[in-house]
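The values are calculated or read from the model by the stated rules, or taken from the named source; none is laboratory data. As the structure is a prediction and not an experimental result, all values here were calculated from the model. Cβ coordinates were reconstructed from backbone atoms using ideal geometry, including for glycine residues, and neighbour counts include every protein chain displayed. Accessible surface is based on the protein model in full, side chains and every heavy atom, while ligands, DNA and RNA are left aside. Shrake-Rupley method; radii C 1.70, N 1.55, O 1.52, S 1.80 Å.
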Amino acid sequence: MTGIYSRIIRLVTVLAAAIAIGGALLIYMFQGSPELSRRRVIENSGSLISYIRKEQKKLSAYDRLHELELHIPRGHRASEFTIEESGTFTVYTIHIPDINASYFADFPVTGNGRNISDMTYNISASGGTVSIVTSQPLFLKKTSDGQRVFFDFISPRQYFDKIVVIDPGHGGRDQGASAGGDAEKDITLSVVKKMKQITGISACRELKDYSDQISAVNVSGVGRVGFFYTRLSDRKVFLKERGAFARALKPDLFLSVHVNSTASGRISYINGASVLYRAGDKTGESKRFAGIVEKGLLKDLGAKSKGTIAGDELYLIRTAQWPVALAELGFITNPSEHRKLVSQSYQKKAAESMIRAVEEYLGER
């Protein structure tokens with residue numbers, strides 16, 4: 001009998017152990033599953049940003065210093081948390097490699113969320129992402145204490161002393177003026193890219209990890225001048241988008257680059273450079289800026305003057321709340337000027353001239 005009882009006790013013990021281990025494993029697997037982890041985050045907070053705001057009162061004074069904090073998983077480093085920027089400086093995606101959805105449940109996102117208007121997360125085979133939307137253009141700064149990665153936003157106005165928006169005319173399906181197989185959209189983009197190359201990124205090294213959409217120069221007596229671009233690729237950007245981009249940045253200057261054409265689009269001997277300005281600018285600064293741009297183009301390109309012209313009928317000029325100039329570099333419908341406009345050396349001269357005009361105008365203020 002004793003032997004029977006012993007065998008029964010051993011059997012019960014083995015079964016209990018198996019049930020305990022199996023249950024623990026089931027719970028572990030279930031809690032670690034992407035679906036449940038996602039559900040846990042959603043049920044607890046509704047969304048990541050609302051969770052941050054709800055938990056804000058519980059944070060320590062140290063935690064409140066940062067707008068967003070993410071835990072560094074075991075085996076990871078802060079350098080593996082990379083940032084991708086959308087081009088408008090209002091949408092950022094933080095990439096975290098080799099994690100599953102349980103990460104967001106086990107390590108809740110913290111921070112004060114001060115400049116964040118929306119935030120979501122996603123899990124894929126390669127890892128996770130945290131997508132952030134801000135209410136205004138901001139730069140994102142990443143730091144770490146070895147256990148957590150901190151993300152804080154910096155206003156472009158805190159970073160740059162002056163801000164200039166450069167706008168290559170047309171793009172995508174909108175070719176602009178054309179002749180001989182060459183389109184205005186390509187010439188303006190090429191010129192503006194040369195402006196970006198000349199100004200470079202030496203004055204904004206801190207942003208190089210996630211953005212190549214800006215450039216900068218240091219101007220004596222002015223400080224660090226940041227150049228922002230409405231487009232740096234062949235894509236359609238609607239006028240309202242360009243205007244909204246500028247309004248969000250509140251620039252000190254707005255310079256749009258274009259190529260002229262005869263009204264009919266036919267080949268003509270009409271030639272020369274002109275610059276449009278906003279006559280509605282009662283301060284006269286828009287006209288003064290346009291005059292500096294035109295003076296430089298005439299000197300540096302050897303172009304004929306077509307004058308500085310009131311351009312208030314154009315949306316980007318009419319709606320500007322800052323000094324604005326629209327430079328017409330020449331006539332693509334003039335055979336001689338057409339050859340110059342597609343020349344890389346001529347485009348570089350135009351780019352250098354307009355950069356000098358920006359520096360001259362800001363230096364005189």
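The residues of segment 94-149 expose on average 43 square angstrom of accessible surface per residue, using a 1.4 Å probe on protein heavy atoms. Using a/c under 1.5 as the rounded threshold, could you call segment 289-365 rounded, prolate or oblate? The axes a ≥ b ≥ c are square roots of the C-alpha gyration tensor eigenvalues, and prolate needs a/b larger than b/c, oblate otherwise. Here segment 289-365 falls in the oblate category.
Peptides 352-358, 101-107, 82-88, ordered by how many other C-beta atoms sit within 10 Å of their residues on average, highest first, read 352-358, 101-107, 82-88.
FRET efficiency for the pair Arg173 and Asp106, taken as 1/(1 + (r/R0)^6) with r the Cβ-Cβ distance and R0 = 45 Å, rounds to 0.40. The shape of segment 72-138 comes out prolate: with a ≥ b ≥ c from the C-alpha gyration tensor, a/c is at least 1.5 and a/b beats b/c. In terms of Cα atoms, the Rg and Dmax of segment 236-349 work out to 14.5, 41 Å.
Averaging Cα coordinates gives a centre for segment 213-246 and one for segment 280-323; these two points are 18 Å apart.
Just so you know, the Cα atoms of segment 196-264 work out to an Rg and Dmax of 14.4, 48 Å.
For segment 118-260, the carbon plus sulfur part of the accessible surface works out to 46%, probe radius 1.4 Å. Derived from the Cα gyration tensor, the three semi-axes of the equivalent ellipsoid of segment 171-221 are 30, 13, 7 Å, largest first.
Could you compute the net charge surrounding Ala248? Neighbours are other residues with a C-beta less than 13 Å from the C-beta of Ala248; K and R count +1, D and E count -1.
Values: positive: Arg157, Lys240, Arg242, Arg247, Lys250; negative: Glu241.
Net of charged neighbours comes to +4.
Roll a 1.4 Å probe over the protein chains and send me the accessible area per residue for segment 185-306 in Å². Walk me through the numbers on the way to the answer.
Numbers: 5650 Å² over 122 residues.
Solvent-accessible surface per residue comes out at 46 Å².
Volume per residue, Å³, of the convex hull around the alpha-carbon atoms of segment 70-213?
Details: hull volume 22.6 nm³, N = 144.
Once divided by residue count, the hull of segment 70-213 is 157 Å³.
Summing charges over all other residues whose Cβ lies under 14 Å from the Cβ of Arg74, with Lys and Arg as +1 and Asp and Glu as -1, gives -1.
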